[in-house]
Amino acid sequence: MIRNAFKASFLFGMSEIIQKGAIFLLIPFLTKSLSPAEYGLISSVLILVASTTVFFSFSFHGVITRYYHTYKGTMKRAFISTAFSSLLMLNTLLFFLLFLLRFTLNETYFSGKLSDEFLLIVVFLMVTQPFFVFGNAYFKIGIKLNLFILYFNFYYIAQFVGIIVFVINFKFAVNAYLYTLLFSNFLYFISFCIYFYYKNGFYFEVRYLKRMFKYVVLVLPVDLLSVASVFLDRYFIVIFLGFSAVGIYYVSYQLSIITQIIALAINSAVMPYFYKAIKGRLNEFYNVLYEVYIPFVGGVCFILILSSGFIVEYALSEEYRDVSKILPILFLSTFLIPMYLLLTNLLTINTRLQSKKLQAAIILLIFNLGSTYLLVSNYGLLGAALSSLIVNMLSVLLFFGIIRRYRVVRLNAFVFFEVFIILSGLTVLVLLDIQRSYLIVYILLSVFYCSFFTFKGMRNKIKKMESEFASFK
């Protein structure tokens with residue numbers, strides 16, 4: 001069973017790493033082909049689509065993930081198909097609504113910079129992207145690895161080829177980028193709808209709606225929090241700094257998501273086992289996962305923070321050198337994502353925990369709005385990066401407090417905080433451009449400490465994790 005989990009984690013991870021890695025490799029060429037202002041406009045489209053995808057998906061992908069193992073046979077197909085049909089109907093209505101409001105959207109969000117033709121493309125992307133999220137969740141929770149790899153990679157290969165041919169080679173810039181996104185979304189949407197109809201049919205059974213929307217009402221605000229930070233950063237950066245600054249910030253964000261990819265891959269692989277663990281040995285299962293997962297991701301972040309100057313110097317053109325001022329902070333911020341995912345999974349166990357998570361999400365959303373406004377207006381791009389870090393850290397602390405308060409599981413907070421403190425110290429040293437000799441001393445001390453404390457007994461923990469996974473066989 002542990003081999004299956006690692007296999008799933010590896011395959012999910014490799015698919016996402018290939019996709020993000022391809023974008024990572026394209027960044028040097030894109031920054032040469034696109035000015036910061038053009039990159040800012042494209043990133044504004046991508047951020048808008050990503051943000052609305054969270055809302056327009058209505059967390060139905062979370063619904064099928066949560067209740068996939070609750071139903072069997074025909075009832076499972078009917079439940080999943082009801083979720084998909086609901087998503088299809090809601091997004092059809094949203095398409096017509098956005099079509100009527102497209103000019104208002106252009107003025108308020110894009111400062112009137114998009115033509116009507118490209119506004120229609122943006123609207124289509126906004127209502128079809130949720131099906132990409134739904135499809136990925138459907139393949140992952142059912143552990144349909146081959147189909148996940150096929151659809152996921154097909155979607156991003158189409159984008160990758162389009163960007164190389166039209167944006168980089170022919171330098172069609174923003175126009176070609178948007179058409180490439182349109183083409184890949186259209187193909188995925190049509191092909192997945194055909195496949196889903198063949199396997200499940202299109203059913204709509206009212207008896208499942210109450211459970212679905214009860215879950216959605218509690219989870220959707222928390223999902224919105226996950227994209228609120230980037231959306232608010234972009235909004236206030238445009239107001240105070242302009243589209244060029246958005247381009248610089250988004251390049252930094254794309255470079256920093258390597259840790260997030262690893263976190264999402266591992267989280268996707270363990271989710272089927274997590275919902276089985278709820279019925280019995282959740283505390284043992286989660287503690288072993290946590291004590292292996294957090295130090296591993298922390299080690300990856302340590303290397304990335306240390307390499308941030310090298311990445312900026314050799315991967316980006318001169319116009320984007322300001323990335324070096326915020327990239328280490330964003331690397332540190334993404335270290336908090338794995339902990340956020342671990343905690344937010346636990347808060348989906350029952351309705352009481354979901355309601356507490358909703359309350360925390362509302363508090364965080366308000367705090368995020370205020371902190372982003374104050375920090376970006378006073379400190380520019382550095383303020384945007386600091387706001388993301390502070391909000392992510394506050395999210396972890398609030399969710400951790402809820403879990404401790406209601407005794408969901410007993411997690412050793414020391415493991416997380418010792419890794420975070422080490423990474424924070426390294427981030428400060430890199431940003432201050434401390435002499436190389438002092439940096440080497442800090443690295444050696446960190447390695448020494450981790451060797452004797454953080455990674456002590458790691459082999460035994462991995463063996464224990466193997467036995468925990470095996471218990472769900």
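Points worth noting:
- Residue in segment 283-300 that is modelled with pLDDT of 85 or more, over 13 Å from residue 342 (Cα atoms) and in contact with a Leu (Cβ under 8 Å, 6 or more places away or on another chain) present: no
- The listed residues are 35, 57, 86, 43, and the only one of them that is at pLDDT 80 or above and touching a Pro at 6+ places or on another chain (Cβ under 9 Å) turns out to be 57.
- Of 98, 87, 114, all but one fail to be over 30 Å from residue 195 (Cβ atoms) and surrounded by 19 or more Cβ atoms within 10 Å (Cβ to Cβ); the exception is 114.
- A single member of 70, 104, 82, 53 is assigned to a helix (DSSP H, G or I) and open to solvent by 20 Å² or more (accessible area, probe 1.4 Å), and it is 104.
- Filtered by the rule that a residue be surrounded by 19 or more Cβ atoms within 10 Å (Cβ to Cβ), of a type in the set (Phe, Trp, Tyr) and modelled with pLDDT of 80 or more, segment 140-188 gives a lone residue, 188.
Residue by residue, here is whether (1) open to solvent by 10 Å² or more (accessible area, probe 1.4 Å); (2) touching a helix residue (DSSP H, G or I) at 6+ places or on another chain (Cβ under 6 Å); (3) not in a helix (DSSP H, G or I) holds:
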site	(1), (2), (3)
193	yes, no, no
203	yes, yes, yes
211	yes, no, no
215	yes, yes, no
218	yes, yes, no
223	yes, yes, no
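- Selection over segment 387-414 of residues that are open to solvent by 10 Å² or more (accessible area, probe 1.4 Å), among the aliphatic types (A, V, I, L, M), closer than 13 Å to residue 336 by Cα and in contact (Cβ under 8 Å) with a residue 40 or more places away in the chain gives a count of 2.
- Checked across segment 63-72, the condition of being modelled with pLDDT of 85 or more and either of a type in the set (A, V, I, L, M) or farther than 18 Å from residue 188 by Cβ (or both) holds for no residue.
- Pairs, first closer than 15 Å to residue 37 by Cβ in segment 314-330, second of a type in the set (D, E, K, R) and in a helix (DSSP H, G or I), C-beta under 7 Å, six or more apart: 317/32
- Within segment 300-355, the set of residues being aromatic (Phe, Trp, Tyr) and buried (at least 16 other Cβ atoms within 10 Å of the Cβ) comprises 302, 320, 331, 335, 340.
- Any chance residue 20 is farther than 18 Å from residue 234 by Cβ, open to solvent by 30 Å² or more (accessible area, probe 1.4 Å), among the charged types (D, E, K, R) and modelled with pLDDT under 80: yes
The values are calculated or read from the model by the stated rules, or taken from the named source; none is laboratory data. These figures come from a predicted structure and were not determined experimentally. No Cβ is skipped: glycine too gets one built from the backbone with ideal geometry, and neighbour counts run over all protein chains shown. Just so you know, the surface numbers come from the protein's heavy atoms only, side chains and all, with ligands and any DNA or RNA stripped out. Shrake-Rupley method; radii C 1.70, N 1.55, O 1.52, S 1.80 Å.
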